[in-house]
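Right, one structure below, let's go through it.
The values are calculated or read from the model by the stated rules, or taken from the named source; none is laboratory data. The structure displayed is predicted, hence computed values, not measured ones. Here the Cβ positions follow ideal geometry from the backbone for every residue, glycine too, while neighbour counts run over all protein chains shown. Please note that ligands, DNA and RNA were not included when accessible areas were found on the heavy atoms of the full protein model with its side chains. Shrake-Rupley method; radii C 1.70, N 1.55, O 1.52, S 1.80 Å.
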Amino acid sequence: MIYHHDIDLARTTDALAIAELSRDAIEYGLAWRWTTRRVMHSIHDADTNVVVARQGIGVAGFGIMQYGQEEAHLALLAVRGAQRRHGLGSALLAWLEATARVAGCKLLRLEVRITNPGAMAFYRQRGFEEAGVAVGYYEGVEDAVRMLKRLSAPDAA
Ligand SMILES: CC(C)(COP(=O)(O)OP(=O)(O)OC[C@H]1O[C@@H](n2cnc3c(N)ncnc32)[C@H](O)[C@@H]1OP(=O)(O)O)[C@@H](O)C(=O)NCCC(=O)NCCS
């Protein structure tokens, strides 16, 4: 079981591990867009949170959320293969969701590869609903399923 205190804001020294996990777990078969440099940029961006779940000295999972006025966008979420189904993905998402609520966001949105039913099941279980298909979203070769979750105010949560 992982608890919230194991979830931490990423440091610049985590950027390489995060980028490699994105490449291997999310961007497989596509061009590598979330490079170390881009992750580093997100870590320093005031409107983005990059969080990691640490296990030992390594990064077991991470999430990247971009915050707007009314909505927040979950750009990436991944857990290392061997560490899945132990609650890390849920803990990372819960941290980012709570932060979005506190920031006053009313809506969370994300895209998931249409060939990834496991992730869709995970998000559905966490209150997200499917909200359409973005045809060719991934380099014109794969569609994305858009998913949304409406957030309640912090005091009503
Ligand atoms: C999606 C992902 C982040 C979930 O992380 P995780 O740490 O395994 O998630 P949790 O352990 O918190 O999962 C909790 C629940 O979600 C559901 N779930 C998770 N993975 C699932 C899968 N592959 N198929 C069906 N349900 C799944 C289950 O209900 C699970 O509970 P259970 O293990 O008791 O059955 C992880 O599988 C992953 O990194 N996948 C590859 C990258 C990816 O697809 N990212 C999302 C798109 S950006």
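Numerical summary
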item: Per-region count, the range 122-144, residues hydrophobic (A, V, I, L, M, F, W, C), open to solvent by 60 Å² or more (accessible area, probe 1.4 Å) and within 12 Å of the ligand (Cβ to nearest atom); result: 0
item: Residue check for G89: near the ligand (Cβ under 9 Å from one of its atoms) and not in a strand (DSSP E or B); result: yes
item: Q66 vs. criteria open to solvent by 40 Å² or more (accessible area, probe 1.4 Å) and closer than 25 Å to F128 by Cα; result: yes
item: Any hit, the range 22-44, residues being farther than 24 Å from Y138 by Cβ, open to solvent by 60 Å² or more (accessible area, probe 1.4 Å), without any contact (Cβ under 8 Å) to a residue 60 or more places away in the chain and out of contact with any Asp or Glu (no Cβ under 8 Å at 6 or more places or on another chain); result: yes
item: Verdict on V52 being over 11 Å from the mean Cα position of the chain (by Cα), surrounded by 17 or more Cβ atoms within 10 Å (Cβ to Cβ), within 15 Å of the ligand (Cβ to nearest atom) and assigned to a strand (DSSP E or B); result: no
item: Single unsatisfied condition, A15 versus (1) modelled with pLDDT of 95 or more; (2) open to solvent by 40 Å² or more (accessible area, probe 1.4 Å); result: (2)
item: Filter result (more than 17 Å from L21 (Cα to Cα) and more than 6 Å from the ligand (Cβ to nearest atom)) within the range 65-86; result: Q66, Y67, G68, Q69, E70, E71, A72, H73
item: One residue from R23, R33 being within 19 Å of Q66 (Cβ to Cβ) and at pLDDT 95 or above; result: R33
item: Matching residues, the range 26-49, being part of a loop (DSSP other than H, G, I, E, B), closer than 24 Å to A98 by Cα and hydrophobic (A, V, I, L, M, F, W, C); result: I26, A46
item: Output for the range 98-121, where each listed residue is within 13 Å of the ligand (Cβ to nearest atom), assigned to a helix (DSSP H, G or I) and either within 21 Å of A53 (Cβ to Cβ) or open to solvent by less than 40 Å² (accessible area, probe 1.4 Å) (or both); result: G118, A119, M120, A121
